[in-house]
Amino acid sequence: MKITRRRLNPDGRSMRTEDKILNIIIKKGWKEGTKITFPKEGDETPENIPADIAFVLKDKGHVHLKRDGSNIIFNCKITLKEALCGCTVSIPTLENRIISLPCHDIIKPGTVKRLRGEGLPFPKNPSQRGDLIVEFSVRFPDRIPPQSREIIRQHLPQS
């Protein structure tokens with residue numbers, strides 16, 4: 001990160017501006033809000049010693065995944081047909097891999113499946129990882145033709 005700071009000249013009274021590059025090493029799994037401090041790298045005046053510079057981490061959003069601590073949440077949208085008859089869904093990871101998740105049981109709205117160890121590394125123990133949590137949303141059709149409706153009525157149980 002390039003910073004521009006004010007520094008005291010050797011005469012102890014006049015000031016100069018100076019550019020400096022601070023290298024910020026972000027460790028895997030660090031959470032939003034983690035503070036990285038560079039002591040005495042800030043502005044300096046005749047009356048004050050250089051101040052500390054602090055950077056605070058902010059999570060960058062992802063198109064498909066949401067962070068929850070060391071876990072990652074993926075909202076998987078499936079059709080009603082897939083929810084009732086089974087399917088295999090493709091789950092993206094942060095490493096740009098795709099995990100195939102076969103779903104043989106009936107998936108109800110709000111069903112959750114957990115892929116252990118596919119989340120973010122734990123900040124204190126980077127060799128262990130959180131989970132990738134798959135939350136299912138079932139898309140219902142807007143219309144069903146009358147003949148299909150009758151077939152469904154005959155074949156689905158009452159309860």
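Listing for the model above:
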read-out: Filter pass, Thr37 being hydroxyl-bearing (Ser, Thr, Tyr) and in a loop (DSSP other than H, G, I, E, B); value: no
read-out: From the options Ile72, Ile144, Ile107, Ile49, residue that is of a type in the set (A, V, I, L, M) and under 20 Å from the mean Cα position of the chain (by Cα); value: Ile72
read-out: Where a residue in segment 136-159 is charged (D, E, K, R) and its partner, wherever it lies, is surrounded by 10 or more Cβ atoms within 10 Å (Cβ to Cβ), with Cβ under 6 Å and at least six apart; value: Arg139/Lys77; Arg139/Thr79
read-out: Any hit, segment 6-14, residues being within 23 Å of the chain's Cα centre (by Cα) and open to solvent by 80 Å² or more (accessible area, probe 1.4 Å); value: no
read-out: Residue in segment 145-156 that is out of contact with any Lys or Arg (no Cβ under 7 Å at 6 or more places or on another chain) and under 30 Å from Ile26 (Cβ atoms) present; value: no
read-out: Residue, modelled with the lowest pLDDT, within segment 20-70, restricted to residues that are surrounded by 12 or more Cβ atoms within 10 Å (Cβ to Cβ) and at positive phi; value: Gly29
read-out: Cβ pairs under 7 Å, 6+ apart, first in segment 78-104 and touching a residue at least 60 places away in the same chain (Cβ under 8 Å), second surrounded by 15 or more Cβ atoms within 10 Å (Cβ to Cβ); value: Ile78/Cys87; Ile78/Val89; Ile78/Ile107; Ile78/Phe136; Ile78/Val138; Leu80/Val138
read-out: Among residues of segment 118-157, those that are exposed (fewer than 11 other Cβ atoms within 10 Å of the Cβ) and under 30 Å from Glu95 (Cβ atoms), counted; value: 3
read-out: Residues of segment 71-96 satisfying the condition of being aliphatic (A, V, I, L, M) and open to solvent by 30 Å² or more (accessible area, probe 1.4 Å); value: Leu80, Leu84, Leu94
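The values are calculated or read from the model by the stated rules, or taken from the named source; none is laboratory data. From a predicted model like this one, the values you see are computed outputs, not experimental measurements. All Cβ positions, even for glycine, are placed from backbone atoms using ideal geometry, and neighbour counts span all protein chains on display. Keep in mind that these areas ignore ligands, DNA and RNA; they rest on the heavy atoms of the full protein, side chains included. Shrake-Rupley method; radii C 1.70, N 1.55, O 1.52, S 1.80 Å.
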